[in-house]
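Here the structure comes first, spelled out in structure tokens, and everything after it is commentary.
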Amino acid sequence: MQTSDSIVIIPTYNERENIENIIRAVLGFPQVFHILVIEDGSPDGTATIVRKLQQEFPERLFMIERKGKLGLGTAYITGFKWALEHAYEYIFEMDADFSHNPNDLPRLYQACSEQGGDVSIGSRYVSGVNVVNWPMGRVLMSYFASKYVRFITGIPVHDTTAGFVCYHRQVLETINLDHIRFKGYAFQIEMKFTAYKCGFKIIEVPVIFINRELGTSKMNSSIFGEAIFGVIKLKVNSWFHKFPQKK
């Protein structure tokens, strides 16, 4: 059995074009990673592809099938709880569509395992704007959204909406995952903000974000709106909430 201290959580909904390639890319590293797919009832047969690959990688590839599209945040919370129950030390978030380059996984791992980070973020904006094949309007919207979040919350992170993240298990054990409110992209902001308020060290690792080539983006204006308007509520609520602290 190829044991590992690291698991990569990949939420999926209609990712049949990408899922096999991303799984093979992650499991192809000399460093051993495991994968947990959170599959939200894709009508395109994504789950069937994963089940077939589980026969090839029975001790490294796992899947939780849910009965519908229940939101990005709930997918990750489900994955986090499963990973903690199965004693993983380093727990990753990653998209299925190759917008997050699997080759950056070891760099995020090292930022936590060797450089003292509790959370490492694959950051598009820590060294300029590293985004490829996005329309300029979306680049500007994303960039200034992160600036806005940083201004409102005071969190010292350049890419607050990033979805390419590694958490040390202590972070997820300390945060009350059942109290995380947001389900869309604001979930990413809330997790980073909460980790920061709990006293954990966050390291940003510069990455290049490449827009998906296959499949359909799940981003829409309502998801983005949740992130923008939810930030104010997040900040105000923090004035009345005592955050558990890193031990």
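The values are calculated or read from the model by the stated rules, or taken from the named source; none is laboratory data. Here the structure is a predicted model, which is why all the values come from computation and not from measurement. Cβ: placed from backbone, ideal geometry, glycine included. Neighbour counts: every protein chain shown. What goes into the accessible areas is simple: the full protein's heavy atoms, side chains included, and nothing from ligands, DNA or RNA. Shrake-Rupley method; radii C 1.70, N 1.55, O 1.52, S 1.80 Å.
Structure values in brief
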{"quantity": "Ratio of Rg to Rh over region 50-140 (Cα coordinates, Kirkwood Rh, two decimals)", "calculated": "1.00"}
{"quantity": "Glu85 versus Thr3: modelled label distance in nm, points set 7 Å from Cα along the beta carbon direction", "calculated": "2.1 nm"}
{"quantity": "At least 18 Å along the helix axis (C-alpha) and Kyte average at least 0.0, DSSP helices within the chain", "calculated": "72-85, 136-153, 221-238"}
{"quantity": "Sites Val236 and Asn103 - FRET efficiency at Förster radius 45 Å, r taken between beta-carbons, to 0.05", "calculated": "0.70"}
{"quantity": "Low-density loop cleavage sites - trypsin sites (Lys or Arg not before Pro) in region 1-89, where at most 12 other Cβ are within 10 Å (DSSP)", "calculated": "Lys67"}
{"quantity": "Percent RCO, i.e. relative contact order, over the chain, from Cα pairs under 8 Å lying at least 6 residues apart", "calculated": "22 percent"}
{"quantity": "Radius of gyration, Dmax [the chain; alpha carbons; angstrom]", "calculated": "17.0, 50"}
{"quantity": "Distant alpha-carbon pairs in region 112-202 (separation over 14 angstrom), percent", "calculated": "66 percent"}
{"quantity": "Accessible area expressed per residue, the chain, with surrounding protein chains retained (probe 1.4 Å, Å²)", "calculated": "46 Å²"}
{"quantity": "Additional length obtainable on full extension of the chain from Arg181 to Val132, 0.36 nm per residue less Cα span", "calculated": "14.6 nm"}
